[in-house]
Amino acid sequence: MDNNMRIVLSAVIAAVVVTLLFLIVPITATFIIAYIFSLIAIGGIAVSLWVFGKCNNKSPQGFAYIYTAVGYAVSSTIVSIILCIIACLVSMYIAIPIVIHIAVLAFFAIRLIILSSGNEHMVKVDEKAAKKHKEFEKLKKTYWK
């Protein structure tokens, strides 16, 4: 079994576990919204693992993608728990949890865009450094002749 298959299998298992919450938690509109954003978080972790394995990432930069995806999953889960508890206690307008979840998602999406820009810059700097190093090595060979 290759790594891509393991990632997909892990994401499917996590989604099934989250789906089992329908048997335990009272089903409200807030819970369904939380469920949808939990699936988005699971997908985000799977995609970040795939990107780390396939793309041209420096190791710290790849870990940052995974860290951001896991951070979103944890943040989304905490927000979901708080909103579900509030929804059980008081009547809540349906747009409130949607807006809060979208705001959390937007924060982490912006963070991923910034990380991607930083990764592109690091690759360009490495290419320039490699070119300068080649020139230096060439000059070093002929310097004492």
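The values are calculated or read from the model by the stated rules, or taken from the named source; none is laboratory data. Since the structure is predicted, the reported quantities are computational estimates derived from the model, not experimental observations. Don't worry about glycine lacking a Cβ; one is built from the backbone with ideal geometry, like all the others, and counts go over all protein chains shown. Heads up: the accessible areas ignore ligands, DNA and RNA and are worked out on the full protein's heavy atoms, side chains in. Shrake-Rupley method; radii C 1.70, N 1.55, O 1.52, S 1.80 Å.
Work from the charge dipole of the chain (Cβ charges, +1 for Lys and Arg, -1 for Asp and Glu, about the Cα centre) and give the residue of P26, I100, Y72 farthest towards its positive end. So the residue furthest toward the plus end is Y72.
I need the calculated FRET efficiency for the pair K124 and V8, taking r as the beta carbon distance and R₀ as 41 Å, to the nearest 0.05. Intermediate values should be presented prior to the final figure.
Values: r = 32 Å, r/R0 = 0.79.
Approximately 0.80, to the nearest 0.05.
Projecting the Cα positions of S48, V90, V123 onto the charge dipole of the chain (unit charges on Cβ atoms of Lys, Arg, Asp and Glu, taken about the Cα centre) puts V123 furthest along the positive direction. Temperature 20 °C, viscosity 1.002 mPa s: under these conditions the Stokes-Einstein estimate for region 74-145, based on its Kirkwood radius over C-alpha pairs, is 129 µm² per second. With all protein chains kept in place, the per residue accessible area of the chain amounts to 70 square angstrom at a probe of 1.4 angstrom. Would you list the P(r) distribution for the chain, with all Cα-Cα distances sorted into 5 Å bins from 0 and each bin expressed as a whole %? P(r) for the chain, in whole percents per bin: 2, 9, 15, 15, 14, 11, 9, 7, 5, 4, 3, 3, 2, 1, 1, 1, 0.
Taking all protein chains together and a 1.4 Å probe, the residues K140, K131 rank K131, K140 from largest to smallest accessible area.
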